[in-house]
Amino acid sequence: MTQPRVPDDSAEMGEWSELIAEIEQDYPGNSREPIRYLSFLLESLTAQSPERTLQLLQKHQQTDLRPLRSLPALVNTLVRQLLAKGTPYQVEELLVLATAWQIPLPVEIHIALAKAWIQLSELNRARTVLQQVLSKTPAASEALHVLYELAMMEKRTTEAHAVLNQLIEADPSLSTVAFAYKERSKLPSNSGQPVRLALLSSYVLDQLIPYWDFECRKVGLAPEFYVAPFNQYTQEILNQNSALYNFNPHLVFLAISIEDLFPEFTGYPSSEDLNKAKEDITGNILHLVKELLQRSSALVVVSDFVSMHHSPHGILDNRLPQSLLRWTAELNKTLADTLAAQERAFLLPLTEVLNWVGKTKAKNPKMDYMASMRLSEAALPELARYCMRYVKPLKGLTKKCLVLDLDGTLWGGIVGELGPEGIHLGPTAPGKEYMDFQRALLNLTRRGILLAICSKNNPEDVLPVLREHKYMILREEHFGAMRINWRNKAENIKEIAEELNIGLDSLLFIDDNPNERELVRQVLPEVLTVELPRDPSRYRMTLENLSDFELLAITKEDEMRIAQYGAIGKRHAMRNTAASLDDYFYSLALRVIIEPAKPEVLNRLVQMFNKTNQFNLTTRRYQTTDVERFLKSSISRVYTLEVSDRFVDHGVVGTAIVHVERNQWRIDSLLMSCRVMGLTVEQAFLARICEDALDAGVTTLLGEFIPSKKNHPVKDFYCQNGFTLQSDDGGHQIWEYELASSKVKTPPWITLTENKLGHDR
Amino acid sequence: MTVEELVGKVFKINPEELSDTSSRNTIEQWDSMGHLALITALEEQFQVSISITDAMEMANIRKIKDVLKEYGVR
């Protein structure tokens, strides 16, 4: 680099020379640093001639300019200058330097560069710039807009459609969705499967169409829409020659709002009004649906009725014969029953859809008053997605098989490293979220969806989990195909499709590893690869939000499969109608395992010692080393309590530490999770300790109690069980119990069982 | 975000092309549906709830700014 000229004559500094001289007194030599002077020179030069600055920087690019702290600012100024005065070639040369110096430049610079290329008709260069931006910031709306214009210029229809989809993903507002919808009307249709969708409504629901269009495009459909004129659904349906029938729809969505059929609904209707209205409305809808079914081959989807106001009866609503909430629910039930008798008519649970959105968010009163728009911008995308649950099976887009990864997907952690005991899967978190995800997957199999495994693992590590892990909900028999090996997942998935004799486009792939997902997306675009969230507690929700598993009817085969699982369903559906408390406890079918603690529950024990507050007699916060010591000690006994009932396996929920002292045993700690409080299992726990002490020939059992801010629910625990207070120094009580007269018993409704952990040994 | 930027975003036009006199007559996309989308966007951006009479007044950018001022938007 040319050695910058260091000023030796302070006159050059003009009017600031005195000030500079003063500063130099405090910081001698600072102004002699060439780096500051260089910075000054470069700034001046940039303002004068950005091209020359670029030239110099390029010439000296090997020079280490890192000490020049103003370099990022300088590059930013320079790039803007070049955009204004220079050529895109020069801008791009500067970007190369900026990348080498690791100086980030804002997205708008790149977009301005792309636009400059477009002006020079250098479309490929423009595309490259935009794609680089999007690879770093996929949601850069501006870049997508320019990319869209580019695709239009080059008449690349497929790409234009795809970019519009990306644009909506980046900003799903009504204005973007509407923009995309309008643009598509100018584009030649994409090559997707056509589907004709008709919308009939008693209120303005036109804004649903752009969202619905987007949902269709995403799955490769080429939709056409027909929207009947405002509030003319009856005429359209009853007139044989209406535009509706000329359109020849595959699906008709009939959305009628209750206040349009029954205006008194928003007032104070009497029981008589309600009874009459219910009959009228049901009759009216059934009549319309039958006409529709007769005159067209379309699938008819009717939305149910939603009450968007509070009941005029307030909290008394459900006590009154004219209850509006109950009436609405009954009306919907009657309607569901009526439509269920028609093969091609379905009731869309709009109430449920809006509950998911939140009613407060789902309505926008202003839009309703101004434009008869009953549903807000927040409700429309959710409704459009729900509509797809009918469109997809209609167009044969229902997925038949779910291909699942194992580690990190069906359970937490890597089984090959942690072993079956170490993975997160069980009734306490972390582990509970995976069990729940598995439950949702099992539910899908009952609907006739197949499951398959595709996992990079050693079979000998995985099979014991599938066969014996206590908390696996999905077992080997639930999987139609398994590929547990170290090969490429795309190859494995292809084999699974062949083995099950279904098309790749019937498969859905779920994997927590983004790299595997990307690979499958690229190699097998026909397979639907689900974007799984990083947080496993969102897995179940993500799965259930998919609209790819819907059936329009249940076939004979499905019914047989469902029958096999029926027994389990019945057990869960059994409602508890116990007459007395004892009956209630019996009906719970409580099963309890009390045993000396095993080393593998160490972490759970430490967790309980440090988390349990309410049912904790001494609140001693033992750490891992403490608990390990007790486990090894010959004068201490550590117990664990495991509880399951008719509905849930709670797992290890309690522990006790007992110290063995000559003729007496002392209960150092006794605690239990609040999840099982009130189930009387603590009686069984204490009874077992008494029995063991008696068997050991001990006469006296001591119980300690240390009051805390939170453990008052158990302050009378020893008293209630016949212990007598031996000493109390205010903060520490010792209770005493003569074992010879022991009356502590396991309640008769509790079944004590042995542990038969499959993965035990 | 300025009113111009927001109007530009809603109607997909360059904010630099907008002025106080840009109105429903000069912007093609600003039809009745577009107007509703604009009101919704304004309410969300500036965290206000605009009355229907005010919403109907907002026929050009100057009027939008005037009304927003009355709602305490600076």
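The values are calculated or read from the model by the stated rules, or taken from the named source; none is laboratory data. Only a predicted model underlies this, so the values are computations on that prediction, with no experimental measurement involved. When we count neighbours, we look across all protein chains shown, and the Cβ atoms used for this are built from the backbone with ideal geometry, even at glycine.
Tabulated data
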quantity	calculated
Number of the condition not met by B:VAL10 [criteria: (1) crowded, with 16+ Cβ neighbours inside 10 Å; (2) in a loop (DSSP other than H, G, I, E, B); (3) of a type in the set (A, V, I, L, M, F, W, C)]	(2)
Those residues of the stretch B:1-16 which are within 13 Å of another protein chain (Cβ to nearest Cβ) and under 11 Å from the mean Cα position of the chain (by Cα), in sequence order	B:GLU5, B:LEU6, B:VAL7, B:GLY8, B:LYS9, B:VAL10, B:PHE11
Answer residue from the stretch A:454-473, given it is in a helix (DSSP H, G or I) and among the β-branched types (Val, Ile, Thr) and is surrounded by the most Cβ atoms within 10 Å (Cβ to Cβ) among those	A:VAL465
Output for the stretch A:326-345, where each listed residue is of a type in the set (A, V, I, L, M, F, W, C) and crowded, with 19+ Cβ neighbours inside 10 Å	A:TRP327, A:LEU331, A:LEU335, A:LEU339, A:ALA345
Sole residue being within 12 Å of chain B (Cβ to nearest Cβ), part of a helix (DSSP H, G or I), of a type in the set (A, V, I, L, M, F, W, C) and buried (at least 16 other Cβ atoms within 10 Å of the Cβ), chosen from A:ALA160, A:ALA151, A:ALA178	A:ALA178
Odd one out for A:LEU451, checked against (1) farther than 17 Å from A:LEU546 by Cβ; (2) assigned to a strand (DSSP E or B)	(1)
Of all residues making up the stretch A:133-148, the number that are at pLDDT below 90, within 19 Å of A:PRO381 (Cβ to Cβ) and within 13 Å of another protein chain (Cβ to nearest Cβ)	1
Residue match in the stretch A:182-191 (condition: of a type in the set (A, V, I, L, M, F, W, C) and either within 31 Å of the chain's Cα centre (by Cα) or assigned to a helix (DSSP H, G or I) (or both))	no
Residues that are touching a Gly at 6+ places or on another chain (Cβ under 7 Å) and without any contact (Cβ under 8 Å) to a residue 60 or more places away in the chain, drawn from the stretch A:656-675	A:ILE667
Within the stretch A:581-606, tally of residues that are in a helix (DSSP H, G or I) and exposed (fewer than 15 other Cβ atoms within 10 Å of the Cβ)	7
Residue list for the stretch A:361-388, restricted to those being within 25 Å of A:ALA329 (Cβ to Cβ), in a helix (DSSP H, G or I) and within 13 Å of chain B (Cβ to nearest Cβ)	A:LYS361, A:PRO365, A:ASP368, A:ALA379, A:LEU380
Tally of residues being surrounded by 14 or more Cβ atoms within 10 Å (Cβ to Cβ), of a type outside the set (Phe, Trp, Tyr) and in contact (Cβ under 8 Å) with a residue 24 or more places away in the chain across the stretch A:622-652	16
Failed condition for A:PRO210, given (1) more than 25 Å from A:LYS115 (Cβ to Cβ); (2) not in a helix (DSSP H, G or I)	(2)
Check on A:PRO194, surrounded by 21 or more Cβ atoms within 10 Å (Cβ to Cβ), more than 30 Å from A:GLN322 (Cβ to Cβ) and either touching a Gly at 6+ places or on another chain (Cβ under 8 Å) or not hydrophobic (A, V, I, L, M, F, W, C) (or both)	no
Qualifying residues in the stretch B:17-31 (those that are away from chain A (no Cβ under 13 Å) and among the acidic types (Asp, Glu)) - the one surrounded by the fewest Cβ atoms within 10 Å (Cβ to Cβ)	B:GLU17
Considering residues of the stretch A:729-745 that are in a strand (DSSP E or B) and over 52 Å from the mean Cα position of the chain (by Cα) only, the residue nearest to A:VAL698 (Cα to Cα)	A:GLU738
So B:VAL7, is it in contact (Cβ under 8 Å) with a residue 60 or more places away in the chain and under 21 Å from A:SER141 (Cβ atoms)	no
The lone exception for A:LEU208 - which of (1) modelled with pLDDT under 95; (2) of a type outside the set (Val, Ile, Thr); (3) within 30 Å of A:SER189 (Cα to Cα); (4) under 30 Å from the mean Cα position of the chain (by Cα) it fails	(1)
Residues located in the stretch A:676-693, provided they are farther than 11 Å from A:ASN721 by Cβ, surrounded by fewer than 20 Cβ atoms within 10 Å (Cβ to Cβ) and at pLDDT 90 or above	A:ARG688, A:GLU691, A:ASP692
Selection status of A:VAL653, part of a strand (DSSP E or B), in contact with a Ser or Thr (Cβ under 7 Å, 6 or more places away or on another chain) and within 26 Å of A:ASN603 (Cβ to Cβ)	yes
Out of A:ILE484, A:ILE496, A:ILE502, sole residue that is assigned to a strand (DSSP E or B), of a type in the set (Val, Ile, Thr) and surrounded by 15 or more Cβ atoms within 10 Å (Cβ to Cβ)	A:ILE484
Answer from A:GLU754, A:GLU704 - the residue that is acidic (Asp, Glu) and not in a loop (DSSP other than H, G, I, E, B)	A:GLU704
Qualifying positions in the stretch A:297-329 - among the polar types (S, T, N, Q) and in contact with a strand residue (DSSP E or B) (Cβ under 7 Å, 6 or more places away or on another chain)	A:SER303
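Yes/no per residue for (1) modelled with pLDDT under 70; (2) out of contact with any Pro (no Cβ under 7 Å at 6 or more places or on another chain); (3) hydroxyl-bearing (Ser, Thr, Tyr):
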position	(1), (2), (3)
A:ILE23	yes, yes, no
A:ARG32	yes, yes, no
A:SER39	no, yes, yes
A:LEU83	no, yes, no
A:GLN90	no, yes, no
A:LEU94	no, yes, no
